[in-house]
Amino acid sequence: MPQGIGLPFAEGCFEGWNIAVTGARRGIGAAVARAFLALGANVFAHAGVTELKSGDPLADGLGADERGRLKVFTANLEDESETAQLAAEISAATPRIDVLVHNAGTMHGRVMTSDMTPAHYHRVSDLNAASTVAMMHGLLPALARGVDNKPGASVIFTSSISARTGGSPGSSVYSAAKAFVSAYARSLARELAPEGIRVNAISPGTIMTDFHRRYSTEEKLAATAKAIPLGRLGTPEDCVGAYLFLARADLSGYVTGQTIEVNGGQFMG
Ligand SMILES: NC(=O)c1ccc[n+]([C@@H]2O[C@H](COP(=O)([O-])OP(=O)(O)OC[C@H]3O[C@@H](n4cnc5c(N)ncnc54)[C@H](OP(=O)(O)O)[C@@H]3O)[C@@H](O)[C@H]2O)c1
């Protein structure tokens, strides 16, 4: 059982649920997908750009039962047609999606405005912002509708603390793309509420994944950790509970259009 899942999540409590998670090979997406698997869900996981390998955090040490409930897809979400194809493949694999976690994203390096190129802008925006719109468009027909008193699907986007703070120098386009994601969640929440679909975002702070191993120095991370009220950087498992909470209408059925900050107090607002 992944660390961070406590008493409220009884064994098997997601049995029969169909859950799609993008960017699930490693990092936050892997922790979230594995938690849903551990709790009994069928998980339709977009691993990332290339095939899932043994040893990848999503695949490592899964039991046969979990493996049987996991279907894995790949697609480069910077590419519009691959994103549409991914949505079509997931829809074909499951007629009903109860929870969509659209989490794939990255910064593609810190680029100062003086060095900005249209190619960098498009790459970062296409992955973090445009793919969110395309996945929603493609998967909308499969998202469960609320009927009578039965709740509909829960959609959860991964935004970022930088959507509110602006991030560090060199992350301007990434931060702006994540601000797009948070605003898009609010707007969709209104649009889809009549169908019983809730739309929210989770905004991680500084979470130790390959993301920061690539884009932040050890000195920067040590300084950040010192400034965090809870006194440490986050882990992917620190994020899991917020996704599980938003997934379940019996816990969060009156929550929509919100961005939940998961950051140890690094940003409060
Ligand atoms: N870590 C943090 O501190 C932090 C803070 C705020 C927000 N976030 C956000 O949290 C989400 C997860 O990040 P993470 O920290 O878990 O990063 P990560 O470990 O680097 O994982 C990123 C995931 O996104 C996938 N991905 C990246 N580029 C892609 C592309 N072009 N097409 C398809 N998939 C792609 C990766 O696939 P591959 O494995 O194939 O590359 C991987 O599965 C991202 O949206 C990130 O922006 C992270």
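The values are calculated or read from the model by the stated rules, or taken from the named source; none is laboratory data. None of these values were measured; they are calculated from a predicted model. Because the Cβ atoms are built from the backbone with ideal geometry, glycine has one as well, and the counts that use them run over all protein chains shown. We work out accessible area using only protein heavy atoms, side chains counted, and drop any ligands, DNA or RNA first. Shrake-Rupley method; radii C 1.70, N 1.55, O 1.52, S 1.80 Å.
A few remarks follow.
- Qualifying residue in region 229-251 (condition: in contact with a Leu (Cβ under 7 Å, 6 or more places away or on another chain) and open to solvent by 10 Å² or more (accessible area, probe 1.4 Å)): yes
- Output for region 82-99, where each listed residue is away from the ligand (no atom under 13 Å from the Cβ) and out of contact with any helix residue (DSSP H, G or I) (no Cβ under 6 Å at 6 or more places or on another chain): A88, E89, I90, A92, A93, T94, P95, R96, D98
Residues are listed down the side, and each one gets a yes or a no for (1) at pLDDT 95 or above; (2) closer than 29 Å to H137 by Cβ; (3) touching a Ser or Thr at 6+ places or on another chain (Cβ under 8 Å); (4) away from the ligand (no atom under 13 Å from the Cβ):
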residue: G167; (1), (2), (3), (4): yes, yes, yes, no
residue: S175; (1), (2), (3), (4): yes, yes, yes, no
residue: M208; (1), (2), (3), (4): yes, no, yes, no
residue: R213; (1), (2), (3), (4): no, no, no, no
residue: Y243; (1), (2), (3), (4): yes, yes, no, no
residue: L246; (1), (2), (3), (4): yes, yes, yes, yes
residue: A249; (1), (2), (3), (4): yes, yes, yes, yes
residue: S252; (1), (2), (3), (4): yes, yes, yes, yes
residue: T259; (1), (2), (3), (4): yes, yes, yes, no
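So that you can scan it fast, the table gives a plain yes or no per residue for (1) more than 20 Å from F211 (Cα to Cα); (2) out of contact with any Asp or Glu (no Cβ under 6 Å at 6 or more places or on another chain); (3) open to solvent by less than 10 Å² (accessible area, probe 1.4 Å):
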{"residue": "S125", "(1), (2), (3)": "no, yes, no"}
{"residue": "A134", "(1), (2), (3)": "yes, yes, no"}
{"residue": "L139", "(1), (2), (3)": "yes, yes, yes"}
{"residue": "R145", "(1), (2), (3)": "yes, no, no"}
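- Listed by position, the helices (runs of 4 or more DSSP H) enclosed by region 143-216 that each have at least 3 residues that are among the small types (G, A, S) are 172-192.
- When region 1-10 is limited to residues that are surrounded by 11 or more Cβ atoms within 10 Å (Cβ to Cβ) and not hydrophobic (A, V, I, L, M, F, W, C), the one that is modelled with the highest pLDDT turns out to be P8.
- Matching entry among A153, A179 (being of a type outside the set (D, E), modelled with pLDDT of 95 or more, more than 14 Å from the ligand (Cβ to nearest atom) and surrounded by 15 or more Cβ atoms within 10 Å (Cβ to Cβ)): A153
- Given (1) more than 7 Å from the ligand (Cβ to nearest atom); (2) at positive phi, number of the condition G48 does not satisfy: (1)
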